[in-house]
Amino acid sequence: MTIPLAIALYFVIWWTVLFAVLPFGLRTQQESGTIVPGTPPSAPTRPKFLRIILTTTVVAAAIFALGFAAFAYGWIDLRPPQPVV
């Protein structure tokens, strides 16, 4: 696996994990009872962006490490099959 491929793969994994992690621990303005005028009731009261970014980074790194290990140790093979002559 080349370095640019590894970076691109990690980037894709990171964004996918971000959208999976985003709703965890979310408390809306409607749930807390403090709706700010001009915002939708489903808007978060305290988004906690740093926690979301750190959680996403750790989970994405673990998924990437597992995939990299599977590739490096030959558990999966990404090369196309060779034709039989």
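Laboratory data are not the source of any read-out in this text; all were calculated from the coordinates shown. Worth saying up front: this structure is predicted, and the values here are computed from it rather than measured. Cβ sites come from the backbone with ideal geometry, for glycine too, and all protein chains shown count toward neighbours.
Pop a pseudo-label 7 angstrom from the Cα along the beta-carbon direction at both residue 29 and residue 9 and give the gap in nm to one decimal.
Spacing of the two 7 Å Cα→Cβ label points: 4.3 nm.
Spin-label point model (7 Å from Cα, Cβ direction): what's the residue 69 to residue 20 distance in nm?
With each label point 7 Å from Cα toward Cβ, the separation is 1.6 nm.
Jot down the per residue volume, in cubic angstrom and as a whole number, of the convex hull over the alpha-carbon atoms of the chain. All intermediate terms of the calculation are to be shown ahead of the outcome.
Values: hull volume 12.1 nm³, N = 85.
Spelled out: Cα convex hull of the chain, divided by residues, is 142 Å³.
Specify the angular offset, from 0 to 90 degrees and rounded to the nearest 10, of the alpha carbon long axis of helix 49-72 from the longest principal axis of the alpha carbons in the chain.
10
Given the DSSP H assignment, sum -39500 (n - 2.57) over each helix run of at least 4 residues in the chain and divide by its residue total; what's the result at 222 nm in deg cm²/dmol, nearest 500? Please list the in-between numbers first.
Numbers: 3 runs with 47 residues, N = 85.
Taken over the chain, the calculation gives -18500 deg cm²/dmol.
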